[in-house]
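Quick notes on the structure that follows.
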Amino acid sequence: MTKVLVSDPIDHAGIDILSQVSQVDQRLGLSSNQLKEIIGDYEALMIRSGTQVNSEIIEAGVNLKIIGRAGVGVDNVDVPAATKRGVIVVNSPGGNTIAAAEHALALLLSLSRNIPQAHLSTISGKWDRKKFVGNELYKKILGVVGLGKIGSHVAKVANAMGMDVMAFDPFVSAERALQMQVRLSSIDDLFKEADFITLHLPRTSETENLVDAKLLSSMKQNARLVNCARGGIIDETALAEALNSNVIGGAALDVYSQEPLKNDSPLLNVKNNLILTPHLGASTAEAQQNVAIDVAEQIRDVLLGLPARSAVNIPGLSAEIMDSLKPHLQLAESLGLLASQVSGGQIQKIEVKLQGEFSQHPSQPLVIATLKGLLSSALGNRINYVNASLEAQGRGISVEEVKDEASPDFPGGSLQLRTFADKGTNSVTGTVLADGELRISSIDEFPINVSPSRYMLFTRHRDMPGIIGKLGSLLGTHNVNIAAMQVGRRIVRGEAVMVLSIDDPIPSELLTSILAVEGINQAHAVTF
Ligand SMILES: NC(=O)c1ccc[n+]([C@@H]2O[C@H](COP(=O)([O-])OP(=O)(O)OC[C@H]3O[C@@H](n4cnc5c(N)ncnc54)[C@H](O)[C@@H]3O)[C@@H](O)[C@H]2O)c1
Ligand SMILES: O=C(O)[C@H](O)COP(=O)(O)O
């Protein structure tokens, strides 16, 4: 039975799903060293933002197949290290959208009406109705930075509350903004004009300290800032200074450059106009149930050998694509595997040509499947859809994709793989028949028509009498049974290919004997 380690608090709905297929161990509060020590026993790790999954932990996870992040941000996972090791990283892109958006709105309202401060004052026995006079959000300008899933929901609610919403998001079109009744602007104009600003963008090398002293000083003096996205997007020292010197009206933060917030953080010296929450954006019962179910289902599927729907490190390969292109991906993988066994020498480049109907399919998944097949004879089950491109790059194999809409050969089109190696160029072509069956339709431009089978023998030889008989009796002598045979040639008595489907593997001494037969130029034992 597979084993799943859960190292952060996860809703029981997720644990229930995983328990149906796996042993689930919930070990909260592990140190990094403790996690490193035990991770080798597990096929899957399920986390939230509390567990840092660095490259050492990933290396120690020798059985790890999948890391499931029950939430959106995967910045606590070393995704490149996971990709290199072929470990799938999945998240729940939409499970906590509403929770995070509502938390940002709650912080906006708390800031505008001084709710936490008024609460503290009231429970201390005071009745101060003058000190806590606030502002309405109605008719105020809201600046949304990052108009993705969360930012859009905040914008929608803010519009309904009568706010005038502007946004900065370099990846959102003017049409989309118009649909949302949001006007797009530059970040500089947004910070100058807005009465309230809310951040909903990821933390990346580009957005780190994006909100710095300069941007803060351009804000209106009474303007207020909310960050419910990621710590590190705001320069916290600059923010503390801006608040203490009344450069801006107030701020509310849910996320910090270092979490948990450190005792020496400059933010803790700010008085009055700052509201802090401990990364609570996704902490609603509903969101926790959503993300736990979403991610647990994906972990369960991957452990059962099925695709994951939200893998962050399998580009272009959603579960829908994997399902709809299943036989096409199988063909691509088979051609890659075949090419790796018949091409001579070190492959430096491959050309993946999508012909006819095939050119209508997305090429990226087919290229990844081809590379997976190509590298699997060398790397076995260490290669998968996650790391195939990276492994190929690491071996200096470049990839060219070609689309050729005209394919006279097959109604369903065909896929051709050409390999360019130091010892020459080879090509293999295949198709998917209407019933989903795979066919190899040519090898090195010689036409054939065979289905890939577990063991096969491919030869290049001179088309001459007696050669087939000699080969047959050699196989017979070694007790290798022939299931099917086909010959392909372009001209009579010229060069030809022979393809045999056999029931048994070919021992190396038999291959040597085959190569010694007069007229046989090449012989390749192929295993699918
Ligand atoms: N506080 C919490 O508990 C909590 C909960 C959920 C999500 N989050 C965080 O909220 C953020 C937004 O999440 P989402 O689900 O809406 O993501 P999303 O991917 O749907 O949206 C992010 C948006 O940011 C935009 N963007 C990227 N770089 C930008 C830049 N330099 N300037 C402006 N915009 C930029 C993108 O185009 C995208 O539209 C993420 O950082 C996520 O980790 C926090
Ligand atoms: O990225 C996220 O989903 C949020 O930051 C929530 O993080 P959490 O699951 O640790 O609450």
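Quick notes
- Global size of the stretch 105-207 as Cα Rg and Dmax, reported in angstrom: 15.9, 53
- For the stretch 75-111 versus the stretch 260-289, the spacing of their alpha-carbon centroids is 16 Å.
- Here the dipole of the chain is about 660 debye; that uses its Cα centre as origin and unit charges on the Cβ of Lys and Arg (positive) and Asp and Glu (negative).
- The stretch 433-469 residues near the modelled Leu511 label - backbone nitrogen below 20 Å, point 7 Å along Cα→Cβ: 443-444, 452-462
- Three semi-axes describe the equivalent ellipsoid of the stretch 454-528; taken as square roots of 5 times the Cα gyration tensor eigenvalues and ordered largest first, they are 19, 13, 11 Å.
- Only one residue of Phe132, Ile150, Leu111 has its Cα farthest out toward the positive end of the dipole of the stretch 111-227, where Lys and Arg carry +1 and Asp and Glu -1 on Cβ, and that residue is Phe132.
- Extension reserve of the Glu495-Ser217 stretch, reckoned as 0.36 nm per residue once the Cα distance is removed: 92.2 nm
- Label-point gap, in nm, between Met485 and Arg462 - each point 7 angstrom along Cα→Cβ: 2.0
- In nm, spacing of pseudo-spin labels at Ala13 and Tyr138 (7 Å Cα→C-beta vector): 3.6
- Highest to lowest packing among 98-104, 443-449, 278-284, scored as the average C-beta count within 10 Å: 98-104, 278-284, 443-449
- Extents of the stretch 315-452, taken as max minus min of Cα coordinates on every principal axis and listed largest first, are 36, 35, 24 Å.
- Listed by chain and number, the lysines placed with their C-alpha closer than 23 angstrom to that of Lys65 are Lys3, Lys36, Lys84, Lys326, Lys372; residues fewer than eight positions away on the same chain are left out.
- Burial ranking of peptide ranges 177-184, 484-491 (average Cβ count within 10 Å, highest at the top): 177-184, 484-491
- Label zone at Thr527, where the point sits 7 Å out along the Cα-to-Cβ direction: the stretch 483-519 residues whose backbone N lies under 13 Å: 504-508
- Seen from Asn246, the other residues with C-beta closer than 15 Å to its C-beta sum to a net charge of +2, counting Lys and Arg as +1 and Asp and Glu as -1.
- Rg to Rh quotient for the chain, alpha carbon positions, Kirkwood Rh: 1.13
- Nearest 10 degrees, 0 to 90: helix 285-303 Cα axis against the chain principal axis: 10
- Across all Cα atoms of the stretch 1-128, the radius of gyration (one decimal) and Dmax (whole number) stand at 19.3, 63 Å.
- Protection proxy ranking, highest mean first, for peptides 432-442, 312-322: 312-322, 432-442, where packing is the per-residue count of other beta-carbon atoms within 10 Å, averaged.
- Debye, to nearest 20: dipole size of the stretch 279-429, +1 on Lys, Arg Cβ, -1 on Asp, Glu Cβ: 520
- Asn33-Gln393 FRET efficiency (beta carbon distance; Förster radius 22 Å; 0.05 resolution): 0.10
- Using a cutoff of 8 angstrom between alpha carbon atoms and counting only pairs six or more residues apart, the relative contact order for the stretch 175-242 works out to 38 percent.
- Angle in degrees between helix 363-379 and the longest Cα principal axis of the chain, rounded to the nearest 10: 60
- Theoretical FRET efficiency, 1/(1+(r/R0)^6), r = Cβ-Cβ of Glu56 and Leu120, R0 51 Å, to 0.05: 0.75
- Gained length - Lys326 relative to Ala434, 0.36 nm times residue gap less alpha-carbon distance: 37.6 nm
- Residue-averaged [θ]222 nm for the chain, counting only DSSP H segments that reach four residues, each worth -39500 (n - 2.57): -10000 deg cm²/dmol
- Here the contact order of the stretch 454-528, divided by its residue count and restricted to Cα pairs under 8 Å and six or more residues apart, works out to 50 percent.
- Dimensionless Rg/Rh of the stretch 97-276 - Kirkwood Rh, Rg from C-alpha atoms: 0.96
- Here the Karplus relation 6.51 cos²θ - 1.76 cosθ + 1.60, evaluated at θ = phi - 60°, turns the backbone of the stretch 307-319 into coupling constants of x, 9, 8, 10, 7, 7, 10, 10, x, x, 10, 6, 4 Hz, with x for every Gly and Pro.
- Cβ-Cβ distance of Asn209 and Arg129, R₀ of 45 Å, FRET efficiency by 1/(1 + (r/R0)^6): the value works out to about 0.70.
- Within-11-Å neighbourhood charge of Ala296 [Cβ basis; K, R +1; D, E -1]: -4
Quick note: the coordinates plus some simple rules give every number you see, no bench work behind them. This one's a predicted model, so the numbers in the text were calculated from it and none came from an experiment. Note that each Cβ is placed from the backbone with ideal geometry, even for glycine, and that neighbours are counted across all protein chains shown.
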